[in-house]
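The values are calculated or read from the model by the stated rules, or taken from the named source; none is laboratory data. No experiment lies behind these values; they were computed from the predicted model shown. Glycine gets a Cβ as well: all are built from the backbone with ideal geometry, and neighbour counts include every protein chain shown. What goes into the accessible areas is simple: the full protein's heavy atoms, side chains included, and nothing from ligands, DNA or RNA. Shrake-Rupley method; radii C 1.70, N 1.55, O 1.52, S 1.80 Å.
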Amino acid sequence: EAGRVGSAEVMDVHLLLGVLAEGDGRGARALAQVGVTLDAARLAPGAQVARGEAQGPPMLGADALDVLELALVESVGAGRTRIDTGDLLAGCVRRTEAGIGLAAPVLGALGTTTASVREALRGRDAG
């Protein structure tokens, strides 16, 4: 998603959109369950942000690295041996709950709450 908007840096909002773009993963299914679609997310305020002008493949930014670290915590805490899109989504949710990152206003603009996303993820873990 960062490359799609011409950003030199991958940010948390790009990871959120990437979870949706992937479509089949646990994260995308959880977001669909709470009514979030890729098209709506791409149109949400803040979703089309680009940091710098891409001169090649985008580099991971600090907020994307933070999401990856939080996703690892989620994955290990659940006993999984790999990070999946649900863990990436959970990392975005944790940053949103802390009031940081660009994914927070996108999720808010889409009319969902972190609690509903977490509940949808828990349902995906049980199913």
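Going by average Cβ density within 10 Å per residue, which order do the peptides 23-29, 92-98 take, highest to lowest? List each step's numbers first, then the result.
Numbers: 23-29: 18.9, 92-98: 20.6.
By packing density, highest mean first, the sequence is 92-98, 23-29.
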Quick one: which residues, 5+ away or cross-chain, put their amide H under 5 Å from the amide H of MET59? H built at 1.01 Å from N. GLU9, VAL10
Assuming a ≥ b ≥ c are the square roots of the Cα gyration tensor eigenvalues, decide whether the stretch 29-83 counts as rounded (a/c under 1.5), prolate (otherwise, with a/b larger than b/c) or oblate. oblate
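Where the convex hull is taken over the Cα atoms of the chain, what is its projected area averaged over directions, in nm²? Mind dumping the intermediate values first?
Numbers: hull surface 28.3 nm².
With every direction weighted equally, the projected area is 7.1 nm².
With every protein chain left in place, what is the accessible area per residue of the chain in square angstrom, probe 1.4 Å? Before the final figure, lay out the partial values.
Numbers: 6190 Å² over 127 residues.
Using a 1.4 Å probe on heavy atoms only, each residue of the chain averages 49 Å².
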Ordered by packing density, taken as the mean number of other Cβ atoms within 10 Å over each peptide's residues, highest first, how do 103-112, 43-52, 11-20 rank? 11-20, 103-112, 43-52
Rounded to the nearest 0.05, what FRET efficiency do THR37 and THR81 have when you use their Cβ-Cβ distance and R0 = 35 Å? 0.70
